Amino acid sequence: QVQLVESGGGLVQPGGSLKLSCSASGRIFSIHTMGWYRQAPGKQRELVANITTDETIYYAESVKGRFTIAGDNLENTVTLLMNNLKPEDTAVYYCTVRARATYFDVDILHWGKGTLVTVSS
């Protein structure tokens with residue numbers, strides 16, 4: 001099993017910043033991708049950003065220029081620096097890791113429990 005531990009959520013005013021962190025542990029042979037999804041109240045879960053082990057990065061259009069994702073392949077950690085936060089960024093943010101447990105396994109997408117980010121004055 002793979003365990004994902006997230007931290008860094010909280011309440012911030014519009015225009016402020018937060019940094020989310022996630023650490024992966026457990027049966028990990030290799031990681032392909034680490035990233036963050038979010039789900040706002042009443043909305044579908046959406047991919048915010050992800051990064052592959054060869055450092056290919058994706059950002060949702062709504063966060064480009066404001067959010068920065070970074071991964072550490074040695075420590076199996078991923079961070080999401082969120083600047084210029086807006087009320088519409090309010091959501092539960094979920095860390096994800098696509099990894100395999102052994103050489104012979106297929107990649108599986110694992111999910112963290114989520115951390116709440118609230119942007120409000």
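The values are calculated or read from the model by the stated rules, or taken from the named source; none is laboratory data. What you see is a predicted model, and the numbers here were worked out from it, not measured in a lab. Ideal geometry is used to build each Cβ from the backbone, glycine not excepted, and the neighbour counts take in all protein chains shown. Accessible surface areas use protein heavy atoms only, side chains included; no ligands, DNA or RNA. Shrake-Rupley method; radii C 1.70, N 1.55, O 1.52, S 1.80 Å.
DSSP assigns beta bridges within the chain; of those with both partners inside it, close to 95 percent run antiparallel. Ordered by solvent-accessible area of protein heavy atoms (1.4 Å probe), largest first, the residues Leu4, Leu74 come out as Leu74, Leu4.
Would you calculate the separation in nanometres between label points at Thr68 and Thr53, each defined as 7 Å from the Cα along the Cα-to-beta-carbon direction? Output for this residue pair reads 2.5 nm.
Applying a DSSP loop filter and a limit of 14 other Cβ atoms within 10 Å to the trypsin sites (Lys or Arg not before Pro) in the stretch 1-104 leaves Arg27, Lys43, Arg45, Lys64.
Entry note, the stretch 28-121: relative contact order of 31 percent, from Cα contacts under 8 Å with a spacing of 6+ residues.
Not counting the cut sites, what is the longest span of the chain without GluC sites (Glu not before Pro) that DSSP labels loop and that have at most 16 other Cβ atoms within 10 Å? Result for the longest clean stretch: 1-54. Largest GNM mean-square fluctuation among Phe67, Phe29, Phe104, using the chain with Cα springs under 10 Å: Phe104. 3J(HN,Hα) along the stretch 100-114, derived from phi through the Karplus expression 6.51 cos²θ - 1.76 cosθ + 1.60 where θ = phi - 60°, amounts to 10, 7, 9, 4, 8, 7, 8, 5, 10, 8, 9, 10, x, 7, x Hz, with x in place of Gly and Pro.
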